[in-house]
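Peer 1: A single structure is presented below for examination.
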């Protein structure tokens with residue numbers, strides 16, 4: 001009896017006849033042998049058509065298949081450690097084959113097994129997703145998202161959704177997408193954090209998880225216009241407890257990917273030794289000490305171009321070269337805490353006795369991947385928050401409900417945001433975030 005299976009489960013069916021349904025990824029061979037590499041979304045397996053074992057019409061179907069033709073393959077599973085595939089070590093000896101749709105030779109699948117330019121691949125993103133590299137990346141992304149949810153759910157955090165349409169800015173008001181909300185201006189959410197603070201006052205430990213939008217005119221490899229972010233918020237948490245929680249959370253994500261996706265990381269040629277080193281505790285350094293260290297690195301650098309990029313003074317925010325240099329100094333994730341108040345969001349709690357510095361923290365990933373999380377203790381004193389709003393020129397009427405939270409049982413609290421795409425880029429070892437999301441929205445690209 002033939003069993004319909006997924007390729008991922010092929011090891012359970014050695015010496016049995018099975019059927020798989022999928023698409024032709026690649027084909028080699030000539031004459032009496034055809035080697036068909038078939039993918040079904042769960043994996044890829046080599047299926048062998050031997051002319052003498054098949055009716056003539058079945059072998060001709062195998063010979064005529066073109067790249068990305070859809071097929072149904074039936075055959076006997078054989079264990080062979082030389083056989084390529086994911087999982088490798090198995091192949092199917094074809095007994096029958098049905099072509100569901102053959103891609104015409106005069107209009108072939110546009111992404112052949114050769115090098116293509118990035119713009120061409122982006123124009124064909126809807127098809128590029130079928131490549132094994134993209135298959136590996138997006139499977140890892142799915143596991144990262146699942147691990148995020150599972151870890152937070154298992155550790156007492158409640159998912160509370162926050163609006164995508166909002167009347168106010170969470171951070172820089174110049175980075176907002178404005179839309180017409182029945183005659184009134186509204187904005188696509190940069191963050192769910194302000195609403196999350198209200199949710200936290202009801203449930204203690206919460207998180208929101210969804211798409212966020214930044215209208216930044218940026219073309220760097222780290223930036224997307226639309227990206228996904230998870231934002232936990234915790235009552236009665238201080239900055240040190242926040243860092244403890246973050247390192248346990250991020251370490252769990254990395255270790256889960258290592259356990260579940262060795263073959264996908266192999267496809268991506270990822271150096272897993274760098275991921276295996278992501279163990280708690282992470283390094284921690286104050287902004288003050290980070291500036292001192294960066295100045296030391298600056299003085300020790302001979303390359304004039306790198307030297308120019310590393311120049312920095314106290315009070316300035318870090319750029320990519322600074323974040324990379326700091327992470328290289330530790331070769332593991334590093335927390336940088338107590339940033340200058342002037343370069344952080346208005347709601348961050350100042351350090352006692354040093355109002356020019358706030359109780360903020362960023363987690364920098366190694367290997368040049370930069371900021372993975374950003375968070376802080378939040379201002380919980382009503383008068384202090386009102387003062388900060390006034391100092392930076394925000395209209396308090398626009399934030400009336402947010403300010404009111406401090407009038408009814410305000411408590412110390414803290415939270416952070418983790419960008420999914422930057423996390424995927426880091427764990428997968430990718431050069432650009434455009435590959436970390438199925439349909440990236442970057443500057444000047446809204447298609448496909």
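The values are calculated or read from the model by the stated rules, or taken from the named source; none is laboratory data. The structure displayed is predicted, hence computed values, not measured ones. Note: ideal-geometry Cβ built from the backbone for every residue, glycine included; neighbour counts use all protein chains shown.
Peer 1: Residues 224, 294: which one is touching a residue at least 40 places away in the same chain (Cβ under 8 Å) and crowded, with 19+ Cβ neighbours inside 10 Å?
Peer 2: 224
Peer 1: When residues of region 10-30 are filtered for being free of Cβ contacts under 8 Å to residues at least 24 places away in the same chain and not in a loop (DSSP other than H, G, I, E, B), how many remain?
Peer 2: Going through region 10-30 one residue at a time, the tally reaches 2.
Peer 1: Another one. Could you please find all residues in region 298-310 being surrounded by 10 or more Cβ atoms within 10 Å (Cβ to Cβ) and over 30 Å from the mean Cα position of the chain (by Cα)?
Peer 2: If the condition is that a residue be surrounded by 10 or more Cβ atoms within 10 Å (Cβ to Cβ) and over 30 Å from the mean Cα position of the chain (by Cα), then 298, 301, 307, 308 are the ones that fit.
Peer 1: Let me ask something else. Being without any contact (Cβ under 8 Å) to a residue 24 or more places away in the chain and out of contact with any strand residue (DSSP E or B) (no Cβ under 6 Å at 6 or more places or on another chain) is the filter; apply it to region 183-201 and report the residue that is surrounded by the most Cβ atoms within 10 Å (Cβ to Cβ).
Peer 2: Among residues in region 183-201 that are without any contact (Cβ under 8 Å) to a residue 24 or more places away in the chain and out of contact with any strand residue (DSSP E or B) (no Cβ under 6 Å at 6 or more places or on another chain), the one surrounded by the most Cβ atoms within 10 Å (Cβ to Cβ) is 184.
Peer 1: Can you find, within region 89-136, the residue that is farthest from residue 39 (Cα to Cα) among those that are part of a helix (DSSP H, G or I) and touching a strand residue (DSSP E or B) at 6+ places or on another chain (Cβ under 8 Å)?
Peer 2: Here the answer is 122.
Peer 1: Another question, if that's okay. Going through region 289-315 one residue at a time, which ones are touching a strand residue (DSSP E or B) at 6+ places or on another chain (Cβ under 8 Å) and either in a loop (DSSP other than H, G, I, E, B) or within 19 Å of residue 356 (Cβ to Cβ) (or both)?
Peer 2: 290, 314, 315
Peer 1: What is the number of the single condition among (1) surrounded by 20 or more Cβ atoms within 10 Å (Cβ to Cβ); (2) part of a strand (DSSP E or B) that residue 148 does not meet?
Peer 2: With (1) surrounded by 20 or more Cβ atoms within 10 Å (Cβ to Cβ); (2) part of a strand (DSSP E or B) applied to residue 148, the lone miss is (2).
Peer 1: I'm checking my understanding of the structure. Among residues of region 31-54 that are in a strand (DSSP E or B) and free of Cβ contacts under 8 Å to residues at least 24 places away in the same chain, which one is surrounded by the most Cβ atoms within 10 Å (Cβ to Cβ)?
Peer 2: 35
Peer 1: When you check residue 67 against the structure, is it surrounded by fewer than 21 Cβ atoms within 10 Å (Cβ to Cβ), part of a loop (DSSP other than H, G, I, E, B) and either on the phi > 0 side of the Ramachandran plot or not assigned by TED's automatic domain parsing to the domain that holds residue 134 (or both), yes or no?
Peer 2: Considered against the rule, which asks whether it is surrounded by fewer than 21 Cβ atoms within 10 Å (Cβ to Cβ), part of a loop (DSSP other than H, G, I, E, B) and either on the phi > 0 side of the Ramachandran plot or not assigned by TED's automatic domain parsing to the domain that holds residue 134 (or both), residue 67 comes out as yes.
Every residue, every condition in (1) modelled with pLDDT under 95; (2) surrounded by fewer than 17 Cβ atoms within 10 Å (Cβ to Cβ); (3) under 25 Å from residue 207 (Cα atoms), yes or no:
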{"position": "217", "(1), (2), (3)": "yes, yes, no"}
{"position": "234", "(1), (2), (3)": "no, no, yes"}
{"position": "237", "(1), (2), (3)": "no, no, yes"}
{"position": "259", "(1), (2), (3)": "no, yes, no"}
{"position": "264", "(1), (2), (3)": "no, no, no"}
{"position": "270", "(1), (2), (3)": "no, no, no"}
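Peer 1: I would also like to ask the following. Within region 421-444, is there a residue that is over 26 Å from residue 287 (Cα atoms), surrounded by fewer than 23 Cβ atoms within 10 Å (Cβ to Cβ), without any contact (Cβ under 8 Å) to a residue 40 or more places away in the chain and assigned by TED's automatic domain parsing to the domain that holds residue 266?
Peer 2: no
Peer 1: What number of residues within region 129-154 are over 20 Å from residue 45 (Cβ atoms), in contact (Cβ under 8 Å) with a residue 12 or more places away in the chain and over 18 Å from the mean Cα position of the chain (by Cα)?
Peer 2: Of the residues in that region, 0 qualify.
Peer 1: May I pose another question? Examine region 160-173 for a residue that is touching a residue at least 40 places away in the same chain (Cβ under 8 Å), surrounded by 14 or more Cβ atoms within 10 Å (Cβ to Cβ) and not in a loop (DSSP other than H, G, I, E, B), and state whether such a residue exists.
Peer 2: No, every residue in region 160-173 fails to be touching a residue at least 40 places away in the same chain (Cβ under 8 Å), surrounded by 14 or more Cβ atoms within 10 Å (Cβ to Cβ) and not in a loop (DSSP other than H, G, I, E, B).
Peer 1: Residues that are in contact (Cβ under 8 Å) with a residue 24 or more places away in the chain and buried (at least 18 other Cβ atoms within 10 Å of the Cβ): which strands (runs of 3 or more DSSP E) entirely in region 316-415 hold 3 or more of them?
Peer 2: By residue number, 334-337, 360-365, 370-378.
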